[in-house]
Amino acid sequence: MAHPNNTRPQSMVHTLQPVSCPVQLLVIDRCNGAADIFADTLSRLLPLDVTLYSARDQASAIEIMDQLEVHLVIIGIEHDAPDNIALAPYICNSHDVVPILVVGHQIHHRSRARAYEFGADEVITLPRRAHEMKMIVEQITQAYLEAIH
């Protein structure tokens with residue numbers, strides 16, 4: 001059965017109920033932040049079914065990480081509030097096989113370096129052009145998600 005607008009179904013879960021999708025992503029960001037937008041786009045462009053778990057604060061993110069299987073963590077960073085990356089060391093120490101992507105609109109070089117120091121696998125400036133976004137999605141899929149499928 002075709003889905004409206006030719007999009008695949010996706011799940012946005014705000015509770016801690018396990019969902020059986022092949023790929024489960026945790027997004028740590030404010031509503032409509034760079035990581036939130038990137039994860040939504042990623043879930044729509046991936047050739048896999050995706051469940052997005054959303055955490056707006058560090059406590060919620062830790063609760064999700066500790067209770068559910070997550071395959072990729074996407075952390076939003078803003079030029080005026082780079083604090084979300086402080087959660088990366090916890091994720092690395094507790095869940096060492098979970099890749100971490102840090103995404104922002106404009107990422108200062110100090111914040112970029114700090115994200116890598118804290119354990120980020122990739123730091124991505126959210127592109128403005130659709131074809132650039134598709135290229136990034138392909139790279140992320142090949143680097144981190146193909147093994148799950």
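Identification of helices (runs of 4 or more DSSP H) wholly contained in segment 73-149 with 1 or more residues that are among the charged types (D, E, K, R) and surrounded by fewer than 18 Cβ atoms within 10 Å (Cβ to Cβ) yields 109-117, 130-140. Return yes or no: is residue 54 among the polar types (S, T, N, Q), within 12 Å of the chain's Cα centre (by Cα) and either within 16 Å of residue 28 (Cα to Cα) or surrounded by 19 or more Cβ atoms within 10 Å (Cβ to Cβ) (or both)? So residue 54 fits the description; yes. For segment 26-48, a residue qualifies if it is within 19 Å of residue 120 (Cα to Cα) and part of a helix (DSSP H, G or I), and the qualifying residues are 34, 35, 36, 37, 38, 39, 42.
Residue by residue, here is whether (1) touching a helix residue (DSSP H, G or I) at 6+ places or on another chain (Cβ under 6 Å); (2) modelled with pLDDT of 90 or more; (3) over 16 Å from residue 55 (Cβ atoms) holds:
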{"position": "72", "(1), (2), (3)": "yes, yes, no"}
{"position": "84", "(1), (2), (3)": "no, no, no"}
{"position": "87", "(1), (2), (3)": "yes, no, no"}
{"position": "91", "(1), (2), (3)": "no, no, no"}
{"position": "97", "(1), (2), (3)": "no, no, yes"}
{"position": "101", "(1), (2), (3)": "no, yes, no"}
{"position": "104", "(1), (2), (3)": "yes, yes, yes"}
{"position": "112", "(1), (2), (3)": "no, yes, yes"}
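On the stretch given as segment 64-79, residues that are over 15 Å from the mean Cα position of the chain (by Cα) and small (Gly, Ala, Ser) total 0.
When segment 49-72 is filtered for residues that are part of a loop (DSSP other than H, G, I, E, B), over 21 Å from residue 147 (Cα atoms) and among the aliphatic types (A, V, I, L, M), nothing remains.
The values are calculated or read from the model by the stated rules, or taken from the named source; none is laboratory data. Bear in mind the structure is a predicted one, so any value in this text is a computation, not a measurement. Every residue, glycine among them, receives a Cβ derived from its backbone with ideal geometry; neighbour counts consider all protein chains shown.
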